[in-house]
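Notes follow the structure.
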Amino acid sequence: MNSGLAPPTNGSTEVYAVRLLKRRRLDGGTFEFTLSRPDGFSFRAGQRIRFEHPTGERDYSLVNGPAAAELQVCVRIVQDGQFTPRLARAAIHSRFDISGPHGYFIFQPATRPAVFVASGTGIAPFVAMARSGVRGFRLLHGARTADGLYYQAELRAAAAGYVACLSKAAAAAAAPPDAFAGRVTAYLAAHLAPGAYDFYLCGRSEMIRDVTLLVDRRFPASLVYSEIFF
Amino acid sequence: MKIYTGGGDQGRTSLFSGERVFKAHARIDAYGDVDELNSVLGALAAALPVQAAEIGPKITGLQADLMKVGAWLATSPGSPALAEIEALTTADAAALEAAIDQLDADLPPLRSFILPGGHPAAAWAHMARTVCRRAERRVVGLADAAGDPSRQDHYAWLLVYLNRLSDYLFVLARYLNHVTGIPDRMWQK
């Protein structure tokens, strides 16, 4: 956020101890981590937890819905990072400290059609929304290759419309037959009919910026809710 | 961590309730003034004399209140996003009134207009008071433009709080001069 006036934090400052229960590889550099859920820890779909680690704080959106018995996050491993390699190597049952839930990226039911736009691990809050019963949305799922379309089958089943947008042109051949060859912005510019929508954007700042500016030009009566992965 | 995205480079920004608006929008003006007030309070806190060290936590509390005020102003009336924001209550305005009464009890009676200034912290308090009044005027404008009384209600607690806060800042300025032994300068016609 760069507004200078962010909403007051809604996250508890309480720190919870959790245990790493499971690690599942989603593609070459991204894992889903399953953590124990502390007693009394409640959250809403779309919110984040914060790892309180000696190397600093790291926020990750929860993948599961609020009714789940455990906590799950989707993390891309940064090879020269200070935290994610440790998480990737941590032994099962290792302890981590978290706080939360944090954030306001919550689905707001409205009469305008909802368009979810995700890139990379930015798909996480949308998986949580789908798992908590949100339906009727259109999802633009951006990735470089088909391997990066995490949770695709589950999301296809929940969405009213699902479009895989693959930015690496050569990858399109091995992609789902209905995949769009190009970035999510290119799809929005060419294929989403003009109108008023509720856009939910989650991903890297460059994608958020490009989609937001496109919305200003092409869909100016729309609402935009953003969750930026820095 | 980068704090910029560039999403506002063409003059628009997002409200907390999702709308994309020009940065010259009345709502942005209003929470911009609240943001400015919060910054001035930070300067005031940094300038507090040791004789008024007990005011520091109060200023921190006011700054936290103003974050809530800003979030509320960044959200359109009727938006479901309002459910995410904790509004201030009449108790917060009442707490300001109690603080005013407590500070005022130590002060000599005021018999004429005073010129803003004195101790640097007092000067910042006067500056904060005037920015607070500007923010209040912006909110009055938003409430007036809302038209429908039910939508005007969206701003009711803000108007009470900002009105009381500017009163508190005026008394605080006098208090800071008083405890540092600097007499208020009276306006000589």
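The values are calculated or read from the model by the stated rules, or taken from the named source; none is laboratory data. Since we're looking at a predicted model, the values are computed, not measured. Neighbour counts are summed over all protein chains in view; Cβ atoms, including those assigned to glycine, are modelled from backbone coordinates with ideal geometry. With ligands, DNA and RNA removed, areas are computed over all heavy atoms of the protein, side chains included. Shrake-Rupley method; radii C 1.70, N 1.55, O 1.52, S 1.80 Å.
What the table shows:
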| read-out | value |
| --- | --- |
| GNM flexibility winner over chain A from A:Asp80, A:Asp147, A:Asp97 (Cα, springs under 10 Å) | A:Asp80 |
| ³J(HN,Hα) computed for each position of region A:109-125 - Karplus, 6.51 cos²θ - 1.76 cosθ + 1.60, integer Hz, glycine/proline x | x, 8, 7, 6, x, 8, 10, 9, 10, 10, 9, x, 6, x, 6, 3, x |
| Distance between modelled label sites at B:Asp106 and B:Ser39, nm, 7 Å Cα→Cβ extension | 3.0 nm |
| Of all accessible heavy-atom area on the protein assembly as shown, the percent that carbon and sulfur account for (1.4 Å) | 53 percent |
| Of B:Val131, B:Asn163, B:Gly118, farthest towards positive along the dipole that unit charges on Lys, Arg, Asp, Glu beta carbons give region B:105-184 | B:Gly118 |
| Helix B:156-179 axis, angle to chain B major axis (alpha carbon atoms, nearest 10°) | 30 degrees |
| Distribution of pairwise C-alpha distances over the protein assembly as shown, 20 Å bins, in % | 24, 47, 24, 5, 0 |
| Å² per residue, accessible surface of region A:15-102 at 1.4 Å | 47 Å² |
| Whole-angstrom gap from region B:151-179 to region A:98-165, using each part's C-alpha centre | 44 Å |
| Where B meets A: accessible area buried, both sides, 1.4 Å probe, Å² | 2300 Å² |
| Mean ellipticity per residue at 222 nm, deg cm²/dmol - from DSSP H runs of n ≥ 4 across chain B, formula -39500 (n - 2.57) | -20000 deg cm²/dmol |
| Rounded Å value of the spacing that divides the Cα centres of region A:171-230 and region B:39-82 | 36 Å |
| DSSP-defined beta bridges in the protein assembly as shown - what % are antiparallel, rounded to 5 | 60 percent |
| Prolate/oblate/rounded call for region A:108-228, Cα gyration tensor, a/c under 1.5 rounded | oblate |
| Simple Cβ-charge dipole of region A:108-228, Lys/Arg +1 and Asp/Glu -1, about Cα centre, in debye nearest 20 | 80 debye |
| Acute angle (nearest 10 degrees) that the helix A:205-218 long axis makes with the longest principal axis of chain A, alpha-carbon atoms | 30 degrees |
| Heavy-atom surface of chain B, accessible at 1.4 Å and reported per residue (Å²) | 48 Å² |
| Part-to-part distance (alpha-carbon centres) for region A:57-71 and region B:83-148, which is given in Å | 41 Å |
| For chain A, the fraction of alpha-carbon pairs in successive 5 Å shells from zero, as % | 1, 7, 14, 19, 20, 17, 12, 7, 3, 1, 0 |
